[in-house]
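Trainee: Quick one: the structure is below, and I'll ask about it shortly.
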Amino acid sequence: MEDNQKTATSALALAALGVVYGDIGTSPLYAFKEAFAGAHGLAPTEANVLAALSALFWAMMLIISIKYVWMMLKFDNNGEGGVLALTALANRSSQGAARWKLLIATAGIFAAALFYGDALITPAISVLSAVEGLSVAAPALESLIIPITIGVITGLFLIQRRGTGSMGKLFGPITLVWFAALGVLGVLSILETPLVLLALNPLYAIDFAIEHPVGMFFLLSAVFLALTGGEALYADMGHFGAKPVRLAWYGLVCPALLINYFGQGALVLRSADAIQNPFYLLAPDWFMLPLVALATAATVIASQATISGAYSMTLQAMRMGYLPRLFIQHTSDSQRGQIYIPAVNWMMLVGVVILVFEFGSSGALAAAYGIAVSGTMIITTLLTVFVTLMLPGRARLPLLGMLAVIALLEMLFFGSNLTKVFSGGWMPLVLGLTLFLLLSTWKKGSSLIAKQRRKLDIPMEVFVSSTHPDVPRVSGTAIYLTADPQFVPSALFHNLKHFKVLHEQTLFVHVVTEDVPYIAKQERLEVTRLAPGMYDVALHFGFRQEIDIPLELEGLAKRGVKYEAMSATYFIARSNVVDGPGGLPSWRSALFSWMTRQSEGAASFFNLPPNQVVELGTKVVL
């Protein structure tokens with residue numbers, strides 16, 4: 001039994017290599033050389049190389065090994081990680097305080113908005129940096145770098161609708177070969193120049209910071225590139241569990257990455273000219289083109305993980321009420337987490353292609369990369385501090401002390417990345433603010449609509465107490481979808497107004513999205529009898545679960561409710577938003593109205609049978 005458990009953990013750790021560590025695993029392609037590039041780049045002297053490596057080593061230890069792999073994996077929301085899962089956890093910890101709930105929600109959705117900036121830049125910078133190896137392996141092919149990059153990226157987005165199940169089986173083994181290659185190339189270089197190992201001493205970074213504080217401040221933005229992908233460790237923990245993620249990091253990924261960075265440093269100590277592309281120049285000539293192919297495969301895997309993360313983030317945002325309903329395609333019969341969202345896919349493809357053409361090189365994109373990730377990291381740390389403060393006992397004090405140190409370091413990273421605002425860093429900030437506006441507008445508009453309906457709609461208790469003896473009854477079951485079970489849905493009023501009948505059995509169904517990722521099957525269905533032939537049905541789902549109303553209603557028979565799926569009719573209301581003296585400015589009301597029109601219909605979103613749905617329109621003034 002124990003052997004089987006170890007085998008399963010090892011298999012999950014192998015699978016985690018591609019999904020969890022794809023992003024951070026491709027950072028050696030561009031991170032180290034950026035410390036010596038650009039207007040504020042260091043001269044590739046021995047002192048500067050050792051200082052840069054020392055800062056990189058200890059930053060990786062503190063931010064990735066301690067914060068994310070050791071600490072953050074303990075702050076799970078029923079096994080799930082990521083900034084929205086942490087936001088839900090912090091929201092529960094706030095113990096109902098409205099002020100804290102607002103601050104937590106604002107921080108969470110802004111971090112989610114910044115995540116999309118990261119999701120756009122990762123495919124662009126990763127694939128571009130890999131293909132740039134052609135200029136080292138075969139300089140005559142340099143003109144093909146952009147076209148090949150665009151081709152690889154386009155192909156990656158085109159195959160998303162087919163699902164990634166078959167590709168996923170190759171991710172782990174390919175990434176294993178990639179990390180092995182990183183380690184071997186690094187070891188061979190270190191053996192030639194073991195002097196580079198002096199950088200393990202933190203004094204090299206500390207002395208450099210004391211003697212050149214401005215230089216260290218600019219250096220931090222390059223060092224931070226080695227940490228990008230750290231958020232994926234936390235976000236993807238639900239797919240594999242904390243133990244496999246930790247095993248993969250401490251057992252392979254961390255050593256391979258650090259050995260390769262130190263190998264690049266050793267190469268630059270031997271030849272300062274190698275700083276142009278120290279990663280590819282580590283390889284012997286015969287291995288150069290195969291390394292370009294392997295690096296491209298690794299960056300495709302890293303990009304795939306980021307794209308899948310954007311789908312998951314979008315799904316969570318919809319479940320939590322921050323985005324309108326979008327069409328979701330499930331690409332696997334066995335894995336419900338494998339989804340494809342066409343709207344997100346095509347917008348990301350356009351965005352990534354524009355980035356490649358606009359910036360043209362991984363070095364130029366590096367300026368835009370750090371801001372989004374460092375901003376998300378700070379918010380993650382602050383939310384973790386809040387959750388920790390809510391914990392009882394004194395055991396939290398050492399944890400809070402460590403989080404304070406990490407928060408200070410991350411703020412320095414963020415400040416350093418802000419120096420690149422005018423050279424490309426503005427892009428993720430503008431994108432993040434735009435997405436934050438969209439997310440918050442949808443949440444605010446939805447809340448105002450619900451508030452307006454509560455004023456106009458009749459309370460359910462009043463409706464149920466009147467028996468309506470004069471209204472004829474027709475056979476069958478009417479199912480009304482409602483957002484608030486305390487009020488009669490507007491679709492019922494329209495039905496009575498136009499058809500002047502009630503069904504012999506009426507179900508008021510509302511979906512409750514809980515602050516946890518998953519709800520067990522036996523706990524999802526809750527039925528309350530309101531009157532003879534009239535029931536309130538609550539369907540509870542986690543924010544990462546697919547909502548299938550007809551499937552869940554099949555459990556009504558076990559609750560003593562007569563239900564025949566084929567004789568049921570679903571009544572839903574679609575809101576037509578118009579500008580008016582409501583709680584939103586006219587421009588924001590127009591934005592909400594536009595988002596409403598992009599929303600997928602409730603019938604498709606809730607998997608309702610199309611030939612059993614009646615949709616009724618209602619006008620809402622904002």
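The values are calculated or read from the model by the stated rules, or taken from the named source; none is laboratory data. Note that the structure is predicted; figures quoted are calculated from it, not measured. Neighbour counts are summed over all protein chains in view; Cβ atoms, including those assigned to glycine, are modelled from backbone coordinates with ideal geometry.
Trainee: Can you tell me which residue is farthest from residue 321 (Cα to Cα) among those in the range 498-551 that are part of a loop (DSSP other than H, G, I, E, B) and without any contact (Cβ under 8 Å) to a residue 12 or more places away in the chain?
Mentor: Filtering the range 498-551 for residues part of a loop (DSSP other than H, G, I, E, B) gives 500-501, 514-520, 524, 532-533, 542-548.
In the following step, the residues that additionally are without any contact (Cβ under 8 Å) to a residue 12 or more places away in the chain were identified as 520, 532.
Numbers: 520: 21, 532: 33 Å.
Per the criteria, the residue is 532.
Trainee: Against the definition (part of a helix (DSSP H, G or I) and at pLDDT below 95), how does residue 244 come out, yes or no?
Mentor: On the way: part of a helix (DSSP H, G or I): yes; at pLDDT below 95: yes.
Criteria met by residue 244.
Trainee: Tally the residues that are out of contact with any Cys (no Cβ under 9 Å at 6 or more places or on another chain) and more than 18 Å from residue 388 (Cα to Cα), restricting the search to the range 62-89. Can you show your working first?
Mentor: First, pick out the residues of the range 62-89 that are out of contact with any Cys (no Cβ under 9 Å at 6 or more places or on another chain): 62-63, 66-68, 70-89.
Subset that is more than 18 Å from residue 388 (Cα to Cα): 62.
Residues that pass the stated criteria total 1.
Trainee: Taking the range 415-437 as the region of interest, how many residues are surrounded by fewer than 20 Cβ atoms within 10 Å (Cβ to Cβ) and assigned to a helix (DSSP H, G or I)?
Mentor: 12
Residue-by-condition table, conditions (1) of a type in the set (Lys, Arg); (2) assigned by TED's automatic domain parsing to the domain that holds residue 616:
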residue: 438; (1), (2): no, no
residue: 442; (1), (2): no, no
residue: 462; (1), (2): no, yes
residue: 491; (1), (2): no, yes
residue: 500; (1), (2): yes, yes
residue: 504; (1), (2): no, yes
residue: 509; (1), (2): no, yes
residue: 516; (1), (2): no, yes
residue: 527; (1), (2): no, yes
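Trainee: Do you know which of the residues in the range 534-551 that are more than 23 Å from residue 80 (Cα to Cα) and surrounded by 17 or more Cβ atoms within 10 Å (Cβ to Cβ) is nearest to the chain's Cα centre (by Cα)?
Mentor: Let us first name the residues in the range 534-551 that are more than 23 Å from residue 80 (Cα to Cα), namely 534-538, 549-551.
Restricting the remaining residues to those that are surrounded by 17 or more Cβ atoms within 10 Å (Cβ to Cβ) gives 534-537, 549.
Working: 534: 41, 535: 38, 536: 34, 537: 32, 549: 26 Å.
Per the stated criteria, the residue is 549.
Trainee: Given the criteria out of contact with any Phe, Trp or Tyr (no Cβ under 8 Å at 6 or more places or on another chain) and surrounded by fewer than 24 Cβ atoms within 10 Å (Cβ to Cβ), does residue 42 qualify? Break it down into steps so the answer makes sense when it comes.
Mentor: Working: out of contact with any Phe, Trp or Tyr (no Cβ under 8 Å at 6 or more places or on another chain): no; surrounded by fewer than 24 Cβ atoms within 10 Å (Cβ to Cβ): yes.
When the stated conditions are applied, residue 42 does not pass them.
Trainee: Quick one: residue 303 ticks every box in (1) without any contact (Cβ under 8 Å) to a residue 12 or more places away in the chain; (2) closer than 19 Å to residue 362 by Cα except a single one, so which number is it?
Mentor: Failed condition: (1).
Trainee: A follow-up question, please. Quick check: is even one residue across the range 473-482 surrounded by fewer than 21 Cβ atoms within 10 Å (Cβ to Cβ) and outside any strand (DSSP E or B)?
Mentor: Looking through the range 473-482, none of the residues is surrounded by fewer than 21 Cβ atoms within 10 Å (Cβ to Cβ) and outside any strand (DSSP E or B).
Trainee: Is it fair to say residue 349 is closer than 30 Å to residue 132 by Cα and surrounded by fewer than 22 Cβ atoms within 10 Å (Cβ to Cβ)?
Mentor: Spelling it out, residue 349 is indeed closer than 30 Å to residue 132 by Cα and surrounded by fewer than 22 Cβ atoms within 10 Å (Cβ to Cβ).
Trainee: Take residue 155 and decide whether it is touching a residue at least 24 places away in the same chain (Cβ under 8 Å), part of a helix (DSSP H, G or I) and either buried (at least 20 other Cβ atoms within 10 Å of the Cβ) or assigned by TED's automatic domain parsing to the domain that holds residue 386 (or both).
Mentor: no
Trainee: While we're here: Going by the structure shown, is residue 177 surrounded by fewer than 21 Cβ atoms within 10 Å (Cβ to Cβ), in the same structural domain as residue 22 (by TED's automatic domain parsing) and closer than 18 Å to residue 27 by Cβ? Before you say what the answer is, go through the steps one by one.
Mentor: Working: surrounded by fewer than 21 Cβ atoms within 10 Å (Cβ to Cβ): yes; in the same structural domain as residue 22 (by TED's automatic domain parsing): yes; closer than 18 Å to residue 27 by Cβ: yes.
Spelling it out, residue 177 is indeed surrounded by fewer than 21 Cβ atoms within 10 Å (Cβ to Cβ), in the same structural domain as residue 22 (by TED's automatic domain parsing) and closer than 18 Å to residue 27 by Cβ.
Trainee: Only one of (1) more than 15 Å from the chain's Cα centre (by Cα); (2) among the hydroxyl-bearing types (Ser, Thr, Tyr); (3) within 30 Å of residue 274 (Cα to Cα) fails for residue 122. Which number is that?
Mentor: (1)
Trainee: For the range 271-296: of the residues being of a type outside the set (A, V, I, L, M) and not in a helix (DSSP H, G or I), which is farthest from residue 182 (Cα to Cα)? Quick ask: steps written out before the conclusion?
Mentor: If we filter the range 271-296 for residues that are of a type outside the set (A, V, I, L, M), which is where we start, we get 271, 273, 276-280, 284-287, 290, 296.
With the extra rule that they be not in a helix (DSSP H, G or I), the set shrinks to 271, 277, 284.
On the way: 271: 20, 277: 15, 284: 13 Å.
Among residues in the range 271-296 that are of a type outside the set (A, V, I, L, M) and not in a helix (DSSP H, G or I), the one farthest from residue 182 (Cα to Cα) is 271.
Trainee: Hey, among 143, 221, 189, which residue is in a helix (DSSP H, G or I) and surrounded by fewer than 18 Cβ atoms within 10 Å (Cβ to Cβ)? Spell out how you get there, then give the answer.
Mentor: Working: 221 fails: surrounded by fewer than 18 Cβ atoms within 10 Å (Cβ to Cβ); 189 fails: surrounded by fewer than 18 Cβ atoms within 10 Å (Cβ to Cβ).
Criteria check complete, one pass: 143.
Trainee: Also, quick follow-up: Determine if the range 221-242 includes at least one residue that is in contact with a Pro (Cβ under 6 Å, 6 or more places away or on another chain), in contact (Cβ under 8 Å) with a residue 12 or more places away in the chain and not assigned by TED's automatic domain parsing to the domain that holds residue 544.
Mentor: As a first pass, look at the range 221-242 and keep what is in contact with a Pro (Cβ under 6 Å, 6 or more places away or on another chain): none.
Checking the range 221-242: not a single residue is in contact with a Pro (Cβ under 6 Å, 6 or more places away or on another chain), in contact (Cβ under 8 Å) with a residue 12 or more places away in the chain and not assigned by TED's automatic domain parsing to the domain that holds residue 544.
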